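Contents: one structure, followed by commentary.
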Amino acid sequence: MRSAGRPGDYKVVMKRTMIVLLAAPLLLATGCSSTGSSTTTAGAAPATTTAGPATSGDSGAPATTPATGGPAAAPAGQGGGKPASARCHTGDLKLSVGAGEGAAGTAYEPLVFTNASHRTCTLYGYPGVSWVTGENGTQVNDPLKRGEQRKRVTVTLKPGQAANAVLQSTNVGFFDKDKCKPVDVRGIRVYPPDETTSIFVSLPGQACSVKGQGVGTIWAIAAGSKV
C-alpha cells in the first residue's frame, strides 16, 4: 500500500515543480515591468536638461520666455534704442552765436548749443531756425533750409560741452532789392532738434522778406563750438 502511495507522492512533486516553473515567467515579467519604469524615469532627465538652454534664449521653448522678461527690457539700456530722456531738451541748452567766417558775401556762423544741465544728453540732426523781428516777434521769410554740407551724427554732450550747427547766410546786398525786399531783423528763433519749445538768439541784421528769397541754410549739428 505504501509502494502504491509513492506514485501519488511523485505526482504531488511534479505538480509543485510545474507551479514553480509557471511562476518563474511571472517573476521575470514583473522584473521587466520594473525595469521599464526606470527607463521612463531616466528618459525624463533629458527634458529637464533641455529646459535649461531654453531659458537662456532658446527660441524652441516659448513657454520659458516670460521668465526672461528682464533681459527683454535690456536693449534700451544697452544702446538698442535711445531712451527719450537721453535727448537734450530746450531747457537743458544755452544757445549763442560763435565767431564766424565769411567769403564772397556769404557768412558762416556757428550756432552753439551748450549743455547747461547736470546730465549727459544728445543732439542729432538739424535745429529749426527762422529770422524774426524780435524775441517774440514775427517770423520773416521761410525757415532756413537744411544744408547737406555735413552728415547727421549723434553728438553726446556732457554738462558744459558744446555742439554747433552752422548758419550760412548771404548778404542781402547781393540780391535784387525788389525781389528780396530786405527788412531789419533782431535775431533768430531756434528749435533744438525734435523740440517744440524755441529759444531766441540775438543776431541783428537784415533778411529778405520775400518768400523763398535769400532764406539761408542751416547745417546739421556737429561736435564742438567752431565751424
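Residue by residue, here is whether (1) in the same structural domain as ILE188 (by TED's automatic domain parsing); (2) part of a loop (DSSP other than H, G, I, E, B); (3) on the phi > 0 side of the Ramachandran plot holds:
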| site | (1), (2), (3) |
| --- | --- |
| LYS94 | yes, no, no |
| GLY102 | yes, no, no |
| SER130 | yes, no, no |
| GLU135 | yes, yes, no |
| PRO143 | yes, yes, no |
| LYS151 | yes, yes, no |
| GLY160 | yes, yes, yes |
| GLY173 | yes, no, no |
The correct count of residues that are buried (at least 20 other Cβ atoms within 10 Å of the Cβ) and either at pLDDT below 95 or more than 12 Å from ALA163 (Cα to Cα) (or both) in region 86-108 is 1
Read through the list (1) over 27 Å from ALA223 (Cα atoms); (2) touching a residue at least 60 places away in the same chain (Cβ under 8 Å); (3) outside any strand (DSSP E or B), then give the number of the only condition that ALA207 fails. (3)
With the first residue restricted to region 187-200 and required to be over 21 Å from THR156 (Cα atoms) and surrounded by fewer than 17 Cβ atoms within 10 Å (Cβ to Cβ), and the second required to be modelled with pLDDT of 95 or more and among the small types (Gly, Ala, Ser), Cβ contacts under 7 Å at 6 or more apart or on different chains are PHE200/GLY187
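The values are calculated or read from the model by the stated rules, or taken from the named source; none is laboratory data. These figures come from a predicted structure and were not determined experimentally. Don't worry about glycine lacking a Cβ; one is built from the backbone with ideal geometry, like all the others, and counts go over all protein chains shown.
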